[in-house]
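Structure record follows, encoded as structure tokens.
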Amino acid sequence: MLEAKGESAIHSQESSPGESGGKVPWGLVATGLLGGTLVALYAVATPFVTPALRKLCLPFVPATPAQVRNVLRAVQRGGGTLVDIGSGDGRIVIAAAKQGFCAVGIELNPWLVWYSRYRAWREGVHHKTTFYRSDLWKVNFSQYTNVVIFGVPQMMAQLEDKLRAELSSGARVVACRFPFPRQQPDATAGEGIDMVWVYDSVSFIAPRADTNPVHPVES
Ligand SMILES: C[S@@+](CC[C@H](N)C(=O)[O-])C[C@H]1O[C@@H](n2cnc3c(N)ncnc32)[C@H](O)[C@@H]1O
């Protein structure tokens, strides 16, 4: 009798499927999912938000199609090299590679760097493009024949000094939307927010007199 009682006591403690022991802990799953989503959101959003917290805030604003066309009209032909400083999603680099340039993107945001590499691969120009995850202020631009920048007004004077110290002779600088403050451009292309200013290194290194005329780039 004692044995039988004990057995039934043991059986009564075992749980069948669907009873409390086999239940899915939905609370824990929901907490885990929410936590994971928040961590993922944080990881994706941080590189987009941190430029706004830097001393010189340069956010991701992609070039318009007209702006890209103006850049391509402005750069030097002949299959040289091109660098886009702060290359965003890689649209200028990829468009230049399609025109035969060996094109390089310098970009701080790792997600945009990976996305640019994917886009270049998808569009069949990965062998003509390179994307570096780098801080533009730590890169030397002396090796490029075309330097493209879509910056913000607050950074242009500092970048002007940097490029003046680094550019090799024969290089060309194309500034999108915002010109260099102390530099007279050699030409311009486009208008309004799509306008680009073109500076050849000769006049960039030794600023021209203000009286020199600025010509629109010929299409
Ligand atoms: C105005 S967007 C231009 C994007 C691209 N050039 C275009 O025209 O479509 C500027 C880019 O510079 C990047 N950036 C900001 N600070 C940077 C830094 N210190 N070094 C490199 N890239 C930076 C931003 O993440 C952003 O993608």
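Looking at Val113, Val104, just one residue is in a helix (DSSP H, G or I), of a type in the set (Val, Ile, Thr) and in the same structural domain as Arg77 (by TED's automatic domain parsing), and that residue is Val113. With respect to the conditions (1) near the ligand (Cβ under 7 Å from one of its atoms); (2) of a type outside the set (D, E, K, R); (3) under 23 Å from Pro185 (Cβ atoms), Phe60 falls short on a single one, namely (3). Evaluating Val173 against the criteria (1) farther than 16 Å from Gly90 by Cβ; (2) away from the ligand (no atom under 11 Å from the Cβ); (3) assigned to a helix (DSSP H, G or I) leaves one unmet condition, (3). Test Val152 against the criterion of being in contact with a helix residue (DSSP H, G or I) (Cβ under 9 Å, 6 or more places away or on another chain) and within 12 Å of the ligand (Cβ to nearest atom), and give yes or no. So Val152 does not fit the description; no. In the range 133-149, the qualifying residues are those that are near the ligand (Cβ under 9 Å from one of its atoms) and in a strand (DSSP E or B), and the one that is surrounded by the fewest Cβ atoms within 10 Å (Cβ to Cβ) is Arg133. Of all residues in the range 64-93, which are in a helix (DSSP H, G or I), of a type in the set (D, E, K, R) and surrounded by fewer than 20 Cβ atoms within 10 Å (Cβ to Cβ)? Answer for the range 64-93, where residues must be in a helix (DSSP H, G or I), of a type in the set (D, E, K, R) and surrounded by fewer than 20 Cβ atoms within 10 Å (Cβ to Cβ): Arg69, Arg73. Only one of the numbered conditions (1) modelled with pLDDT of 95 or more; (2) surrounded by 19 or more Cβ atoms within 10 Å (Cβ to Cβ) is violated by Arg122, and that is (2). Phe101 fulfils the conditions (1) surrounded by 21 or more Cβ atoms within 10 Å (Cβ to Cβ); (2) touching a helix residue (DSSP H, G or I) at 6+ places or on another chain (Cβ under 6 Å) except for a single criterion, (2).
Out of (1) in contact (Cβ under 8 Å) with a residue 60 or more places away in the chain; (2) within 12 Å of the ligand (Cβ to nearest atom), the odd one out for Ile92 is which? So the condition that Ile92 fails would be (1).
The values are calculated or read from the model by the stated rules, or taken from the named source; none is laboratory data. Quantities reported herein were computed from a predicted structural model and do not represent experimental measurements. As a convention, Cβ positions derive from the backbone with ideal geometry for all residues, glycine included, and neighbour counts pool all protein chains shown.
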